[in-house]
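One structure is given here, and the rest of the page talks about it.
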Amino acid sequence: MYTIESIIILGVLFLLVILFFAFIPVGLWISSLAANVKVSIFTLIGMRLRRVNPSKIIIPLIKASKAGLNITVNQLEAHFLAGGNINAVVNALIASERANIDLPFEKAAAIDLAGRDVFEAVKMSVNPKVIQTKSVSAVAKDGIELRVMAQVTVRADLERLIGGAGESTVLARVGEGIVTTVGSAKSHKDVIENPDNISKMVLSKGLDAGTAFEILSIDIADIDVGRNIGANLQTMQAEADKNIAQAKAEEKRAMAVAREQEMRAEVVAAEAEVPKALAQALRDGKMGVMDYYDMQNIIADTKMRHTLSTKDANNIGGK
């Protein structure tokens with residue numbers, strides 16, 4: 001019969017065994033021994049204490065060891081603690097080893113920590129990548145717009161990945177080169193007939209300087225004829241000239257109307273002086289009463305004749 005003390009001791013031992021296997025990855029340690037990768041059990045315990053998942057270190061280490069790479073546990077753990085992607089670095093080192101590319105672990109880790117996909121970069125250095133520009137609008141000297149699309153073949157330069165510009169910079173520079181080349185052409189027909197001239201001139205500008213890539217070729221994929229920018233500009237200029245001429249004519253008309261109103265005001269002012277002059281002439285005796293009535297009769301007769309002539313003219317026009 002088991003006593004209570006013996007049952008408690010067995011239970012405590014069972015819990016200790018469970019905690020031991022839960023805390024210490026014995027299975028991972030056995031896998032490393034089977035792969036001939038020497039990792040002590042105390043190293044695995046230290047990873048647990050440093051809150052590092054041992055499987056994220058040991059499995060890439062086994063992969064690197066089988067590929068013949070000389071990488072230590074400390075290197076992988078330091079890169080993991082720095083926030084790096086260990087699998088990407090190990091895969092990149094294996095790919096570079098197979099492609100006979102000199103890529104030390106420190107450089108691969110630096111490229112990974114810089115935010116680059118180091119494995120993709122190694123693949124691009126072996127197998128160049130084709131990137132395509134958007135439709136670039138450019139205008140030749142004859143005023144015709146051309147829409148050009150180009151395919152750029154680039155190869156990653158591992159030496160310039162850290163601090164080098166990315167694909168967007170390469171595409172922007174190629175677009176700028178297309179605009180410059182088309183803009184210097186005398187006619188859009190010359191560009192359409194010889195599209196390879198665009199590739200040659202753009203390549204000669206050294207657009208990959210300061211980037212993480214080497215431009216191998218630039219191929220013109222498509223050229224479309226767009227608007228007649230020159231004709232549109234001439235139409236807009238003619239419309240602007242017309243508006244200016246209309247504005248000047250309106251200004252002259254307004255000045256003429258203002259002058260006419262000023263002259264009418266002067267006439268009205270002069271007519272206002274006539275009664276004063278007549279009154280003064282009567283007071284001075286220079287003009288008699290009969291003379292004044294004769295003048296009024298003449299004025300009335302003149303108005304009557306003017307009225308009659310106006311009515312006759314209207315009757316004749318109505319017939």
Go through the range 57-108 and give me each residue that's more than 44 Å from the chain's Cα centre (by Cα) and of a type in the set (G, A, S).
S65, A67, G68
If Q261 satisfies all but one of (1) at pLDDT 80 or above; (2) open to solvent by less than 70 Å² (accessible area, probe 1.4 Å), what's the number of the condition it fails?
(2)
Candidates V152, V202, V170, filtered to the one that is crowded, with 17+ Cβ neighbours inside 10 Å, touching a residue at least 24 places away in the same chain (Cβ under 8 Å) and over 30 Å from A92 (Cα atoms)
V202
Count of the range 60-97 residues which are open to solvent by 40 Å² or more (accessible area, probe 1.4 Å), farther than 17 Å from L28 by Cβ and in contact (Cβ under 8 Å) with a residue 12 or more places away in the chain
8
Considering residues that are surrounded by fewer than 17 Cβ atoms within 10 Å (Cβ to Cβ), among the polar types (S, T, N, Q) and either assigned to a helix (DSSP H, G or I) or free of Cβ contacts under 8 Å to residues at least 24 places away in the same chain (or both), the number found within the range 182-199 is 2
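For the range 226-249, indicate whether the set of residues that are assigned to a loop (DSSP other than H, G, I, E, B) and exposed (fewer than 12 other Cβ atoms within 10 Å of the Cβ) is non-empty. Show your work before the answer.
Filtering the range 226-249 down to residues assigned to a loop (DSSP other than H, G, I, E, B) leaves none.
For the range 226-249, residues assigned to a loop (DSSP other than H, G, I, E, B) and exposed (fewer than 12 other Cβ atoms within 10 Å of the Cβ): absent.
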Run V37 past the list (1) in a loop (DSSP other than H, G, I, E, B); (2) surrounded by fewer than 10 Cβ atoms within 10 Å (Cβ to Cβ); (3) at pLDDT below 85 and report the number of the one that doesn't hold.
(2)
Of the residues in the range 206-221 that are surrounded by 15 or more Cβ atoms within 10 Å (Cβ to Cβ) and modelled with pLDDT under 80, the one that is farthest from G163 (Cα to Cα) is L207
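The values are calculated or read from the model by the stated rules, or taken from the named source; none is laboratory data. Here the structure is a predicted model, which is why all the values come from computation and not from measurement. Cβ sites come from the backbone with ideal geometry, for glycine too, and all protein chains shown count toward neighbours. These accessible areas exclude ligands, DNA and RNA; they are computed on the full protein's heavy atoms, side chains included. Shrake-Rupley method; radii C 1.70, N 1.55, O 1.52, S 1.80 Å.
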